[in-house]
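Structure first, commentary second.
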Amino acid sequence: MSALYTIILLIVSNIFMTLAWYGHLKLQQTGRISHWPLIGVIVFSWAIALAEYMCQVPANRIGFRENGGPFSLMQLKIIQEAISLIVFTLLATMMFRGEHLQWNHLVAFACIIAAVFFAFLK
């Protein structure tokens, strides 16, 4: 179960991370925060990033082999990166209508999936 909890927490963490890093761009497009000073946007993003860390840190603690979890440190990082790119792609294509997946993006994802595969080889 710790593997499942780790992956769920990583997914939730990466949703918050993507919103913190790129959500302000969408809000700027809609005009909601287009006149905010940069420091206001940074504080807004940090507030969202706090929720990211509240999921990311427990995910790593639960999933880390030395804490009784199933994953090595390298495996945790590679899983996190793969989840991060999947979440980013889904949110970016839903939030930013001008962003589209192209063939080279799909090839890059195949390489990432291969990286996850190789990270779990014994």
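Only one of the numbered conditions (1) assigned to a helix (DSSP H, G or I); (2) open to solvent by less than 40 Å² (accessible area, probe 1.4 Å) is not met by GLY69, and that is (1). Look at ALA47 and say whether it is over 20 Å from PHE118 (Cα atoms) and of a type outside the set (Ser, Thr, Tyr). Answer is yes for this residue.
What is the residue count in the stretch 72-103 for residues that are assigned to a helix (DSSP H, G or I) and open to solvent by less than 70 Å² (accessible area, probe 1.4 Å)?
Qualifying residue count for the region: 15.
Each residue in the stretch 27-61 was checked for being open to solvent by less than 60 Å² (accessible area, probe 1.4 Å) and either modelled with pLDDT of 90 or more or in a helix (DSSP H, G or I) (or both), and 13 pass.
The values are calculated or read from the model by the stated rules, or taken from the named source; none is laboratory data. Since we're looking at a predicted model, the values are computed, not measured. Calculation scope for accessible area: heavy atoms of the full protein, side chains included, ligands and nucleic acids excluded. Shrake-Rupley method; radii C 1.70, N 1.55, O 1.52, S 1.80 Å.
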